[in-house]
1. Out of region A:200-219, which residues are in contact with a Ser or Thr (Cβ under 8 Å, 6 or more places away or on another chain) and either modelled with pLDDT of 80 or more or of a type in the set (S, T, Y) (or both)?
2. List the strands (runs of 3 or more DSSP E) that sit entirely inside region A:122-204 and contain at least 2 residues that are hydroxyl-bearing (S, T, Y).
3. Which one is nearest to the other protein chains (Cβ to nearest Cβ) among residues in region A:214-267 that are touching a Leu at 6+ places or on another chain (Cβ under 9 Å) and not in a helix (DSSP H, G or I)?
4. With respect to B:I78, is the statement that it is among the hydrophobic types (A, V, I, L, M, F, W, C), over 26 Å from A:P145 (Cα atoms) and in contact with a strand residue (DSSP E or B) (Cβ under 8 Å, 6 or more places away or on another chain) true?
5. Among the strands (runs of 3 or more DSSP E) confined wholly to chain B, which include 2 or more residues that are within 25 Å of A:A42 (Cβ to Cβ), within 10 Å of chain A (Cβ to nearest Cβ) and in contact with a Phe, Trp or Tyr (Cβ under 8 Å, 6 or more places away or on another chain)?
6. Residues of region A:173-186 being out of contact with any Asp or Glu (no Cβ under 9 Å at 6 or more places or on another chain) and at pLDDT below 90, which ones?
7. Out of the residues in region A:15-47 meeting the condition of being within 14 Å of chain B (Cβ to nearest Cβ) and not small (G, A, S), tell me which one is surrounded by the most Cβ atoms within 10 Å (Cβ to Cβ).
8. With respect to A:V57, is the statement that it is among the β-branched types (V, I, T), in a helix (DSSP H, G or I), surrounded by 17 or more Cβ atoms within 10 Å (Cβ to Cβ) and at pLDDT 75 or above true?
Amino acid sequence: MGAQIRVYRQKISSTTSMRKIFKAMELIATSRIGKARARVAASLPYANAITRAVSAVASQNEIDHPLVTEPEKIRRAAVLVITSDRGLAGSYSASVLKQAEGLNELLRAEGKEVKTYIFGRKAQAYFDFRGRSYARVWTGGTDAPEFETAQEIGAALLEEFATDYAEGGVDEIHVVYTRFKSMVTQEPTVVRLLPLEVEEQAVTESELLPLYEFEPEAEQVLDALLPRYIESRIFAAMLQAAASELAARQRAMKSAGDNATELIKKYTRLRNTARQAEITQELSEIVAGADALSA
Amino acid sequence: MAELEVEIVAADHFVWSGAAKMVKARTSDGEIGILPGHSPLLAILAEGELAIEPVSGDRIAVTVDGGFFSVDNNRVVIVADNAQLGESATAGIR
């Protein structure tokens, strides 16, 4: 009997200390989400300016640039998967990976080879565990991505894209990340990064793009603009993913904490019942003993 | 006289915006000065310093490491990968 009480006590104390960890992680995630969302907002002026400039060039020139020309046949595709470094974020990484697997299958069904690029230790672990190969991996700082990392990834992917198929290059580039829609909804999303489909914004009368002069030449301007555009798209995806990761972690930790509270309540009840049962038994033993003596 | 409406953005943050009389920048071909009424322009920035002459206050120096800028309708948007404001420029931030 005493043994059972001890077991419940151990369970209660370990659940209590786990709950402390969950609560702390929830608080940390909550305080960081605000910052991550602010960073998403802070990167918008840059992204808008670049998009505007690219569509300005695109709208007045017949673009003939390798980055925007659709290859005749797409034989190999690169997929950049953006997940988190750490777990404890519910199904965050799993749903991105599921989306990536879906894309992989789709691309293979179209007869394309797939080359995988990874950002985040969770995706790396997933691929390592299954013994699957990937081309390159970046880890660290998934919950607060640096622009330098985005530049590095952008440069690596552009280099792949510029390489011929025969030498191992790719013909198109996809990104799988989690889009931050709101605090409660985050959506695993696939976007095709290259070849670019330059969307010419619906031009309204009031903001008809002016006829720009280019310095030095339209082509060089485009040469400098497009890689930046790619980098900014990748960076935006990384920032969105970071905000989503924190939101997912906050939600997961909240429900873990609630669950721990439930468990503590349940074990406390069981412990009390066990203690009461022990007391009752001792009492009835004493009474029985006294009865036996007096009889 | 008309003024220029200047906006400087870096990849991950907003740097500066305000009204200016003149913007001096370095493109890959050489220095270029922009006064109000300049024709629309889209140019590549070279690494280095660009100077902004605000309507009021001292000249502002910004160090950029590449990027581009566009001018249209007296609106100058400077887009840099990394931009560092020189000292004495904080007063212009709004």
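1. A:Y212, A:E213
2. A:172-180
3. Here the residue is A:E215.
4. No.
5. Output list reads B:4-10, B:41-45, B:67-72, B:75-80.
6. Hits for region A:173-186 are A:S182, A:M183, A:V184, A:T185.
7. Result: A:Y46.
8. Yes, satisfied.
The values are calculated or read from the model by the stated rules, or taken from the named source; none is laboratory data. This is a predicted model, so every value here is computed, not measured. We place every Cβ from the backbone using ideal geometry, glycine too, and count neighbours over all the protein chains shown.
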